[in-house]
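Everything on this sheet refers to the single structure shown next.
Just so you know, all these numbers are worked out from the coordinates, no wet-lab data involved. Because the structure is predicted, anything quoted here is derived from the model rather than measured. All Cβ positions, even for glycine, are placed from backbone atoms using ideal geometry, and neighbour counts span all protein chains on display.
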Amino acid sequence: MQMTKIFTKNDIKEAAAELKMGELVAFPTETVYGLGADATNEKAVKRVYLAKGRPSDNPLIVTVSSIKMVERFVGEISSDAKKLMEKFWPGSLTIILNIIPGSLSEAVTGGLKTAAFRMPNNQVTLNLISELDRPLVGPSANSSGKPSPTTAKHVFHDLEGKISGIVDDGPATVGVESTIIDMSTDVPTILRPGAVTPESLEETLGKMVISDKHKVKDQETPKAPGMKYKHYAPNAQVLIVKDNDWPEALKFAQENQDEIAVLATDDILSSTEVKLEYSLGQDEKSAAKNLFAGLRYFDDMPQVKYILAKEFLDDGLGMAYMNRLKKSSGNQFFNGDLVEN
Ligand code: TXA
Ligand code: MG
């Protein structure tokens, strides 16, 4: 066990010094908090897997503070990838590119010929990386399998004693992880939906992008290796509730008020009296921001057996929200008998 310090934006030099020594420091981004280690220090990178309990074939995002920093590992950046960086960075887009062989360790790439690059929209973290002058690996700073952390407190809950510090810059504003686009293939392919939409990517590139809906089976090597593992799972079973099913779902929650919690928007919550509730706010934007915090909120209540959670339209940020919610529920929906596949 080590002491986990809380750093603020005024402690960047100290946090960078820890990273230089091969220590782990969690950092804020606009999407979720990341678990940082010097991406060029293989030993430090290996400790990230250990701290998270993450399977070692699951590669890590390389978090940079400039486009120039990417060139160290990629050489010349293709004009399409450059367009995306110039349009969306700093911001919630992770770009997969072919790398110069050997420029990043296998601990970072999981043995792939590519790496995922991201420049987050958080000035404190950009300062931290600039101070270090090396990229940080940056998986979400949660225990593997748990909802991603959107506050420093969430990180502390999962990783206290396992990492040297957390840079606290308040709650994440987007709340779901970045869109991942694979630019190493002939046709640009979205591997994970996020705040940057397929439409805006197509508009910027002036060509079609495809979404990889291909379901990953255990045996094969998935496109984004992380996709095959259990994800975002709170202690209780999550059930997704379709709009039409709310009256019945709320009745159910009231009749079993100690065991059934409700994660929904204000309009739904204000129409009823349920004991255990967490607000997603008003719309898909606030829902994306509040989803992980809501799932984690009920983890502190061991009596909760089910979390009834609002479905949104699979569109824009709603697509990112539904992607996470479906994983956290194992794709289970509420019906009168409680569960439906
Ligand atoms: O918003 C985010 O992207 C956050 C913040 C902290 O930056 N990070 C994040 O990292 O979500 P992580 O490790 O939880 O998710 C990264 C995903 C994983 O599913 C991983 O398998 C995939 O990206 N990935 C990483 N490198 C890849 C590569 N070279 N090819 C395909 N997928 C890759
Ligand atoms: Mg993650």
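If contacts are Cα pairs under 8 angstrom and at least 6 residues apart, what is the relative contact order of the stretch 252-341 in percent? Could you put the intermediate results ahead of the total?
Values: 118 pairs, mean separation 22.2, N = 90.
Relative contact order comes out at 25 percent.
Where nothing but the Cβ of Lys and Arg (+1) and of Asp and Glu (-1) is charged, how large is the charge dipole of the chain around its Cα centre, in debye to the nearest 20? Could you put the intermediate results ahead of the total?
On the way: 39 positive and 47 negative charges, 228 e Å.
Approximately 1100 debye in magnitude.
Do you know the relative contact order of the chain, to the nearest whole percent, from alpha carbon pairs under 8 angstrom that are 6+ apart?
Values: 740 pairs, mean separation 65.4, N = 341.
Reported as a whole number, the value is 19 percent.
Answer with one residue from ILE307, LEU280, SER78: the one whose Cα lies farthest towards the positive end of the charge dipole of the chain, charges on Cβ with Lys, Arg +1 and Asp, Glu -1.
SER78
Along the Cα-to-C-beta direction of SER105, a point sits 7 Å from the Cα; which residues of the stretch 25-54 have their amide N less than 19 Å from that point?
From the stretch 25-54, the list is 25-26, 35-54.
Can you give me the C-alpha center-to-center distance between the stretch 103-147 and the stretch 1-15, rounded to a whole angstrom?
Cα centres, the stretch 103-147 to the stretch 1-15: 18 Å.
Can you list residues whose amide H is under 5 Å from LEU239's amide H, if they're 5+ apart or on another chain and H is modeled 1.01 Å from N?
Amide H neighbours of LEU239: ILE307, LEU308, ALA309.
When N is the residue count of the stretch 1-116, what does its C-alpha Rg come to as a fraction of 2.2 N^0.38 Å?
On the way: Rg = 14.8 Å, N = 116, 2.2 N^0.38 = 13.4 Å.
So the Cα radius of gyration is 1.10 times the expected 2.2 N^0.38 Å.
What residue among PRO101, SER144, GLN254 has its Cα farthest toward the positive end of the dipole of the chain, where the charges are +1 on Lys, Arg and -1 on Asp, Glu, each on the Cβ?
Going by the charge dipole, the pick is PRO101.
Can you give the FRET efficiency to the nearest 0.05 for ASN10 and LYS68, using r as the Cβ-Cβ distance and R₀ = 35 Å? Present the calculation step by step, with values, prior to reporting the outcome.
Working: r = 26 Å, r/R0 = 0.75.
Working from the Cβ atoms, E equals 0.85.
For the stretch 7-12, what does the Karplus curve 6.51 cos²θ - 1.76 cosθ + 1.60, with θ = phi - 60°, yield as ³J(HN,Hα) per residue in whole Hz, taken in order and with x for Gly and Pro?
Once rounded to whole Hz, the list reads 9, 10, 4, 7, 10, 4.
For the stretch 74-91, in order, what is each residue's ³J(HN,Hα) by Karplus, 6.51 cos²θ - 1.76 cosθ + 1.60 with θ = phi - 60°, in whole Hz (x at glycine and Pro)?
Result, rounded to whole Hz: 10, x, 6, 8, 4, 5, 5, 4, 4, 4, 5, 4, 5, 7, 10, 9, x, x.
How far is helix 317-329 tilted off the main Cα axis of the chain, in degrees rounded to 10, range 0 to 90?
It is inclined by approximately 70 degrees.
Given +1 on the Cβ of Lys and Arg, -1 on the Cβ of Asp and Glu, and no further charges, what dipole in debye does the stretch 123-169 carry about its Cα centre, rounded to the nearest 20?
Details: 4 positive and 6 negative charges, 41 e Å.
It comes to approximately 200 debye.
Could you tell me what a quarter of the Cα convex hull surface of the stretch 274-341 works out to, in nm² with one decimal place?
On the way: hull surface 19.7 nm².
Average projection, Cα convex hull of the stretch 274-341: 4.9 nm².
Length gain on complete extension for the stretch ASP283 to SER200, per 0.36 nm per residue less the alpha carbon to alpha carbon distance? All intermediate terms of the calculation are to be shown ahead of the outcome.
On the way: separation 83, 0.36 × 83 = 29.88 nm, distance 2.03 nm.
Here the segment from ASP283 to SER200 would lengthen by 27.9 nm.
Angle, helix 246-255 long axis vs. longest principal axis of the chain, Cα atoms, 0 to 90°, nearest 10?
70 degrees
With springs only between Cα atoms under 10 Å apart, run a GNM on the chain and tell me which of LYS207, LYS289, LYS82 wobbles the most.
Maximum fluctuation in the GNM of the chain, among the listed residues, is at LYS207.
Name the most mobile residue of SER92, SER65, SER130, meaning the one with the largest mean-square fluctuation, in a Gaussian network model of the chain with Cα contacts below 10 Å.
Of SER92, SER65, SER130, the most mobile in the Gaussian network model is SER130.
Full extension from SER130 to SER143: what is 0.36 nm times the residue separation minus their Cα-Cα distance, to one decimal in nm? Kindly include the intermediate steps, with their values, before the conclusion.
Working: separation 13, 0.36 × 13 = 4.68 nm, distance 2.70 nm.
Here the segment from SER130 to SER143 would lengthen by 2.0 nm.
Give the average over all directions of the projected area of the C-alpha convex hull of the chain, one decimal, in nm².
Values: hull surface 67.4 nm².
With every direction weighted equally, the projected area is 16.9 nm².
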